[in-house]
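Below is one structure, written out as structure tokens; the observations come after it.
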Amino acid sequence: MNKEIAIDGPAGAGKSTIAKKVAEKLGLIYVDTGAMFRAIAFFMTEKGIGVDELDRIKSELEDIRLDIVYENGEQQVILGDENVSGKIRKPEISNAASKFAVIPEVRTRLLNLQRELAKKRPVVMDGRDIGSKVLPNASVKIFLTADVRVRAERRYKELTQKGESVNIEDIMSDIKSRDEQDMNRTVSPLVQAKDAVLVDTSALSIEEVVEVIIKIAKDRNSEFK
């Protein structure tokens, strides 16, 4: 049985933070697929390319260089020769990522890269369609969710700690908009895989959620014990 853990869920559910900690405790590699989509959105935005300019998007995708590396245990997203890890976390880039994510060519390019990463080593991978599309045979599938207000408060805290000036109501509006886009897109929409375990994080601490997932992983795959 493979040692792949797929974690899906809407924006702000805590996927990245939790997936990283689960990976650390189980000795797996963490792959943040959302960061890959944000990197594409950042690249296209910087080039002034809109989501409706399909010919330009396809052309740029052919030559774009995107890699995931680790420095001091931290995942770094390298776009071309630039480390864009800090630049791709802004709300406007996150929102743009959902729009570019509906483009089949974008998803295909990143899907191939994500699967290649999983073939190389045991992974914990998080995103919107990991269990349903990217790693359909993962031995452990989790679907994380949380109340919209809770998710907005978490994102607000994250951004203000970085010194950014943001409004929580705007963040909540952005999250609702992204949920709508992600769940209703025609290409790989946000769905809970049939064999995924639903975990509501609204009233749980990060460590509590991590322990819940590790227990599920050990129950489903003896290799995690």
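Derivation of every value follows stated rules applied to the coordinates shown; laboratory data play no part. Note that this is a predicted model, so its numbers are computed, not measured. Note: ideal-geometry Cβ built from the backbone for every residue, glycine included; neighbour counts use all protein chains shown.
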> How far apart, in nm, are two points set 7 Å out from the Cα along the Cα-to-Cβ line at ASN2 and at LYS225?
Replying inline: 2.3 nm
> What is the spin-label model distance, in nm, from LYS215 to ASN83 if the labels are put 7 Å beyond Cα along the C-beta direction?
Replying inline: 3.8 nm
> Hey, could you pull the Cα Rg and Dmax for segment 145-207, both in Å?
Replying inline: 13.7, 40
>> So if the hydrodynamic radius of segment 1-88 is defined as the Kirkwood radius over C-alpha pairs, what does Stokes-Einstein give as its diffusion coefficient at 4 °C and 1.567 mPa s, in µm² per second?
In response: 88 µm²/s
>> Report the gain in length on full extension from ARG121 to ARG149: 0.36 nm times residue separation, minus Cα-Cα distance, nm rounded to one decimal.
In response: 6.5 nm
> Between segment 20-97 and segment 149-219, what's the alpha-carbon centroid distance in Å?
Replying inline: 18 Å
>> How much length would be gained if the chain were fully extended between VAL187 and VAL69, taking 0.36 nm per residue of separation minus their Cα-Cα distance, in nm to one decimal?
In response: 39.7 nm
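Which of the trypsin sites (Lys or Arg not before Pro) found in segment 14-51 are loop residues per DSSP with 15 or fewer other Cβ atoms within 10 Å of their Cβ? Intermediate values should be presented prior to the final figure.
On the way: sites: LYS15, LYS20, LYS21, LYS25, ARG38, LYS47; in loops: LYS47.
Sites meeting the loop and neighbour criteria: LYS47.
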>> Students often forget the sequence filter, so: which aspartates and glutamates lie under 14 Å Cα-Cα from LYS215 once same-chain residues fewer than 8 apart are removed?
In response: GLU207, GLU223
> If you take every DSSP beta bridge whose two residues both sit in the chain, what share of them, in percent to the nearest 5, is antiparallel?
Replying inline: 35 percent
